[in-house]
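No lab work stands behind these numbers, since they all come straight from the coordinates. Quick caveat: nothing in here was measured; it's all calculated off a predicted structure. We place every Cβ from the backbone using ideal geometry, glycine too, and count neighbours over all the protein chains shown.
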Amino acid sequence: MARRSIHQNVKLHSQRTGNKSIKITLIEDQPEYCFTWSKYGSEYGKSVGKQLQKYCCTQCRSIYDKKKKNAEDTEPIPCLIFNVQDDRFESEIENHGHYCNPQHLNQIRGKELRRNELAKIKHTRDKPAAVHVKLAESITQRFGERGEEVLLDIAQHAAPSKTGFAKAATRVANSLHPKINTISELDDERNSNLKLTVGGEVRQNLDEKYVLWNDENNIIFGSPFFITLFLMAVEIFLDGTFKYRAVGFDQCYRIFALVNETVVVPVFTILMKGKSTESYTNVFTAISNLVNNVPIAAIYAHFDCEIAAVNALRLIPCFQNVIAKMCTFHVRNNMHKRYQKLGLTATFPDAVAKFINKFSTRVGGKSSTHSNWSP
Ligand SMILES: [Zn+2]
C-alpha cells in the first residue's frame, strides 16, 4: 500500500549555506516520519517546455539495488517528478508503493546538519574537534526549542560516534587538496595553482603567490609583502631545524627579519634537501633573484653555527653588505662538544683546561659585540 504524502519538498535546513537539502515527503498518519528522495537519471522535459527531474525513494532504491545485485525479484522503485524551475514536486503521489520503512525526522535532521557542517570545512578549514563543536551549536540553534530529548536524538544521528565524525571531517579536509608527494609534482600544470594559495584559488594579482621559488630539491615559501620586509630589515636571522621538517626534506630553514628594530618576522620558510654550501648557495641565489640582486638594508645576518650557510651567504649579491655573525651559544656549545669528543677536558692539565674554558667564554664576549666574527 502506498502511503500518501502530504507535504511537498520540505527543506529541513536553511538555504543560506547554499548546500543541497535532502528532499523529503511527510506521511499523513505519522507526523514524525518521512521518506527521503534522491535524483534518478538526468533532467528532462525540454520538449514540453519544462525542467523536470525524476526523484526516487532513497531507501527503496538501496533495497532495490541490493536485490538486483543478488538477482532477486523486486518491485519498481517509487518515484516522484520534481519541477526544477518551480522548486516543487509535480505530483505528490508516488507511482509505486514503498517497500522501505519511513525514517524518523530526527534522523534526517541529524544527517542534514552533519552534511552541512562537513561541507563548511572547505571554507573554514576547521579542525575536526572544532567542527564537532560547531555541529553541536547548529543543532541547538536550529532545534533548541524542541527540548533536550529531541536534541539528543538529532545529535545521535548527526554524529553517532565522535571518532567517526572526526574521521569524516579529516576525510573532507584531505579531499580539498590533491596529494603532492614531490616538488616536481607541483610543477605539473594541473597543480600549478597550488603555488598561488593554499587552496589553489587564483588571485587577481598573480604576484601574490606563496611558493616564491622551487627547484626539484628546495622550495621557498613567502609573499611579496614579506619580501619587502626582508629588503628593509635592520638585521636578519637564519636558522634551520632538522628535527621538525616535512617528509622528504632534510630541514626546514627559516629567515627572519628584524623590522622597525622591534618585531622579528619570519619572511621566508624554506624546505631543503641537503645542508652543504652548495645547497645553501642554490637557495640564497634564488632569494637574491627574488629581490633582483639588490643588496638588502640589513647590516648583520645571525646564524647558529652553520659554516656551510655562512660561506654560501658571502658570495650572494643581495647579501654583499651583510656581516655574518654566529651565535655564541652554538659556537661554544660546538667547541665544548669537540673538546669532549677529543677527550681534551679529561687529559689536559688544569692550566690548559682553564685556558680552554676562558677562551670559549671570551668567544661569547667577542661575538656579542657588534664586531665581525669570522669562523
Ligand atoms: Zn521507500
Measure out, as a whole number of angstrom, how far apart the alpha-carbon centroids of the stretch 32-107 and the stretch 209-229 sit. 52
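What range in the chain is the longest one free of GluC sites (Glu not before Pro) that are in a loop by DSSP and have at most 11 other Cβ atoms within 10 angstrom?
Working: sites that count: GLU28, GLU72, GLU201, GLU216, GLU261.
Counting only loop sites that pass the neighbour cut-off, the longest clear stretch is 73-200.
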In degrees, nearest ten, helix 328-342 long axis to first principal axis of the chain (Cα): 70
Within straight-line cross-link reach of LYS122, lysines at Cα separation under 26 Å, skipping those fewer than 8 residues along the same chain: LYS11, LYS20, LYS23, LYS39, LYS111, LYS134, LYS162, LYS167, LYS179, LYS195, LYS209
Alpha carbon centre of the stretch 111-166 versus the stretch 292-308: separation in Å? 51
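About its Cα centre, how strong a charge dipole does the chain have in debye, to the nearest 20, once Lys and Arg get +1 and Asp and Glu get -1 at the Cβ?
So the magnitude is around 920 debye.
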Difference of contour (0.36 nm per residue) and Cα-Cα distance, ASN321 to ASN174: 48.4 nm
Ignoring chymotrypsin sites (Phe, Trp or Tyr not before Pro) buried by more than 13 other Cβ within 10 Å or outside DSSP loops, the longest site-free run in the chain is 1-241
How would you classify the stretch 210-326 from its alpha-carbon gyration tensor, with a ≥ b ≥ c the square roots of the eigenvalues: rounded for a/c under 1.5, else prolate if a/b is greater than b/c, otherwise oblate? rounded
Quick one: angle between helix 350-368 and the longest Cα principal axis of the chain, in degrees between 0 and 90, rounded to 10, please. 60
Length-normalised contact order of the chain, Cα under 8 Å, at least 6 apart, in percent, tallies to 8
Distance in nm between pseudo-label sites at GLU278 and ALA166 (7 Å out along the Cβ direction from Cα): 4.5
Note the angle between two axes, namely the Cα long axis of helix 162-175 and the longest principal axis of the Cα atoms of the chain, as a number of degrees from 0 to 90, rounded to the nearest 10. 70
